[in-house]
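Presented below is the structure to which this report refers.
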Amino acid sequence: MKQPTGRRSRKRRAVTGIAVTSAALLTLGASTTSTATAAGDGPNYVALGDSYASGAGLAGVKDKACDRTTGSYASLVARSQAVAGLNRAFKDVTCSGATTRSIWNHQGDAPPQANALTPHTKLVTLTLGGNDVGFVNVLTTCATVASSDRNGSPCKGYFTAGGKDVLGERINTMEGRIRGVLADVRRRSPDAKVVVVGYPAVFPDNGVGCAEVPFAKGDFAFLRDTTKKLNRALQRQAAAGGAGMSFADTYSATVGHDMCRPRDRRWIESLTPAANTLSAHPNSTGQLVMAFAALDRIFKP
């Protein structure tokens, strides 16, 4: 159905407004890319998290094993002039596939992410929890079982069989682990501002799917609701962390730009991603919007 001109114009203005405001905040500063301070007292800004924080799939790879790129929201925040006075040194330890266990344990050859934190750290961003819930496995399962009931919710049925809410239980477990992660961040870096950056709108917020993404019709709403539950858990723990901790909502800003949107309006890639992107992950525009959401919380009192 053709969209009314007025509505289309309003949407175009909204997207342009985000881009202009983000560009103003994210003007690059050459002095912010150092990975160690001259005084040797540790990084002022530490980025923790998984592939949504590492910018996985984008160009400008900094660490191939962790799929850590210069296009990640953390790298964009670190390069912004607005943060230049705060992060004279930036340490990015984000890693694709990271779980809450990666905070305290090696992930392959990558050392525990918490090792990057010091008493001198003034800013920490964190996106974590999706892999604890089994994000990749959930998407694979939903695609696999879709043919059994194209018009129904076979994936929801799979994860709620026998009255057991498997993903709900995983989110509850993840929430307890995030509580521990945030407590340890505060212990190691007592003066840091900590921003928990949530997950964007990967799936259509209206619950209506698309042919390009091979899930059953009813499972788009199920996956949307699961994403929201995950974000609510992260938001609760950020709020419980007290002064100096906050939650950056990236979901609201990305509604209408999910994996089912046309390629020129998509900020989250579909399961058939464009070049230099990763399926079901933010593309460069998506990471820019996430950076803007993080900066909004960084500069709130």
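Before moving on, here are some points about what is shown:
- Computed lengthening from residue 165 to residue 148, 0.36 nm per intervening residue step minus Cα-Cα distance: 4.1 nm
- Long pairs among 217/300; 164/300; 229/300; 62/193; 64/217; 62/217, criterion Cα-Cα beyond 29 Å: 217/300; 164/300; 64/217; 62/217
- For the pair residue 172 and residue 243, label points projected 7 Å from Cα toward Cβ lie 3.4 nm apart.
- Under a 5 Å amide H cut-off, with hydrogens placed 1.01 Å from N, residue 110 pairs with nothing among residues at least 5 apart or on other chains.
- Relative intensity, log₁₀ I(q)/I(0), of segment 85-194 from a Debye sum that treats every alpha carbon as a point, q = 0.10, 0.13 Å⁻¹: -0.41, -0.62
- Rounded accessible area per residue of segment 65-218, 1.4 Å, Å²: 41 Å²
- Distance between the pseudo-spin-label points of residue 184 and residue 276 (7 Å out from Cα toward the beta carbon): 3.5 nm.
- Spacing of the two label points (7 Å from each Cα toward its C-beta) at residue 228 and residue 122, in nm: 3.9 nm
- Selection among 148, 118, 108 by position relative to the dipole of segment 91-193 gives 118 as farthest towards the positive end (Cβ unit charges, Cα centre).
- The convex hull drawn around the Cα atoms of segment 106-263, when projected onto a plane and averaged over every direction, covers 10.8 nm².
The values are calculated or read from the model by the stated rules, or taken from the named source; none is laboratory data. All of these numbers come straight from a predicted model, not from anything done at the bench. For neighbour counting, all protein chains shown are included, and Cβ atoms are generated from backbone atoms with ideal geometry for every residue, glycine included. What goes into the accessible areas is simple: the full protein's heavy atoms, side chains included, and nothing from ligands, DNA or RNA. Shrake-Rupley method; radii C 1.70, N 1.55, O 1.52, S 1.80 Å.
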